[in-house]
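Encoded as structure tokens, the structure appears first; notes follow it.
The values are calculated or read from the model by the stated rules, or taken from the named source; none is laboratory data. Here the structure is a predicted model, which means the values were calculated and not measured. Every residue, glycine among them, receives a Cβ derived from its backbone with ideal geometry; neighbour counts consider all protein chains shown.
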Amino acid sequence: MKLLITGGAGFIGANFIHYWMQNYPNDEIVNLDALTYAGNLENLKDLENNPNYKFVKGNICDEKLVDELVKDVDAIVHFAAESHVDRSISDSGDFIRTNISGTHTLLEAARKNGNKRFHHISTDEVFGSLEENDPAFNEDTSYDPRSPYSASKASSDHLVRAYFHTYGLPITISNCSNNYGPYQFPEKLIPLFATNLIEGKKIPVYGKGDNIRDWIHVDDHNRGVDMILKKGKIGETYCLGGNSEKTNLEITHKILELTGKGEEMIEYVADRKGHDKRYAIDFSKAKKELGWEPQISFEDGLKKTIAWYEDSQDWWKKIKNGEYKEYYEKQYKS
């Protein structure tokens, strides 16, 4: 099997490539990534000389390039996305271009080249916000995006489904909860807090820290994507959750505990605009149809994740000081 992975130099995509190459070493992977700020080839350094792995620097909006790559693969797993809510609030243009137009470019290439198998990675944020006692999101929850980011992802979900209904494109979609694990860009909550504390810096908590998220380890997520590709019903959506709802303040205290720091390291900051109260995922469909459920407890996953950041300071310090971009920009000039 030959896969085109979009956004494979990013956090979840890179972990997926590692997962796939470990479990299916005879398969081939083409990794298409534009190497925007969150794309980092350091994430895949150990695969650079693997004959079954190929990296292509390029944008998913580039119709000619995408068409050439899609011709030669069996399936597309579409991770590439602008994904940071705060960035979408300050400048939404890149989110519209990448998440909507880029997805459309990929879908068109898949359609024109023999209706290639297409799996689309989405998010629980397309469903909006829950109150504390509301039932968790599931595959039938109405869409109610609240940020430019989640609106762009909702739009791409609708496009993917439209290509199934209109053209018979063999698609599946997964909506997952908050991922965490190794190689996550240190602007996201868990790596930001872990790396700040290692550096002796304070950690910024929005508002009162009472917003609730469901957390899934990236390895559990990618195992779910694998099972959807192999056993998922074409045209269907599967919600993948971690069964680990936590307030941001609970996460904060746990990270402080695991790093041996005190509450004096917390810095409360003004809340994010339109900050959704709660996300939660009901993954019973994936459990029933695929036999999938999360296997990594949040306690164990967080310990391993923080240990990884403690052991990988060279990796994230290059990101925080911008050094990683300078090196790869010299190697892969536009």
The range 161-182, residues that are part of a strand (DSSP E or B) and either among the hydroxyl-bearing types (Ser, Thr, Tyr) or without any contact (Cβ under 8 Å) to a residue 12 or more places away in the chain (or both): Thr172, Ser174, Tyr180
First in the range 31-48 and over 19 Å from Glu323 (Cβ atoms), second anywhere and among the basic types (Lys, Arg), Cβ under 8 Å, 6 or more apart: Asn31/Lys54; Ala34/Lys57
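Do the conditions hold for Leu192, that is, is it touching a residue at least 24 places away in the same chain (Cβ under 8 Å), more than 30 Å from Ala75 (Cα to Cα) and not in a loop (DSSP other than H, G, I, E, B)? Spell out the reasoning first.
On the way: touching a residue at least 24 places away in the same chain (Cβ under 8 Å): no; more than 30 Å from Ala75 (Cα to Cα): yes; not in a loop (DSSP other than H, G, I, E, B): yes.
Considered against the rule, which asks whether it is touching a residue at least 24 places away in the same chain (Cβ under 8 Å), more than 30 Å from Ala75 (Cα to Cα) and not in a loop (DSSP other than H, G, I, E, B), Leu192 comes out as no.
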Selection from the range 224-249 of residues that are free of Cβ contacts under 8 Å to residues at least 40 places away in the same chain and surrounded by fewer than 19 Cβ atoms within 10 Å (Cβ to Cβ): Lys230, Thr247
Strands (runs of 3 or more DSSP E) contained in the range 216-315 and holding at least 2 residues touching a Phe, Trp or Tyr at 6+ places or on another chain (Cβ under 6 Å), within 25 Å of Phe16 (Cα to Cα) and among the aromatic types (Phe, Trp, Tyr): none
Checking Val160 against (1) out of contact with any His (no Cβ under 6 Å at 6 or more places or on another chain); (2) on the phi < 0 side of the Ramachandran plot, the condition it does not meet: (1)
Residue in the range 280-300 that is closer than 20 Å to Thr195 by Cβ and surrounded by fewer than 14 Cβ atoms within 10 Å (Cβ to Cβ) present: no
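Please note which helices (runs of 4 or more DSSP H) are completely contained in the range 1-115 and include at least 2 residues that are of a type in the set (S, T, N, Q) and either modelled with pLDDT of 95 or more or surrounded by fewer than 19 Cβ atoms within 10 Å (Cβ to Cβ) (or both).
Ranges flagged: 11-23, 103-112.
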Unmet requirement for Ala75, which otherwise passes all of (1) of a type in the set (Gly, Ala, Ser); (2) farther than 20 Å from Gly8 by Cα; (3) in contact (Cβ under 8 Å) with a residue 60 or more places away in the chain: (2)
In the range 119-170, the residues that are at pLDDT below 95 and of a type in the set (A, V, I, L, M, F, W, C): Leu130, Ala151
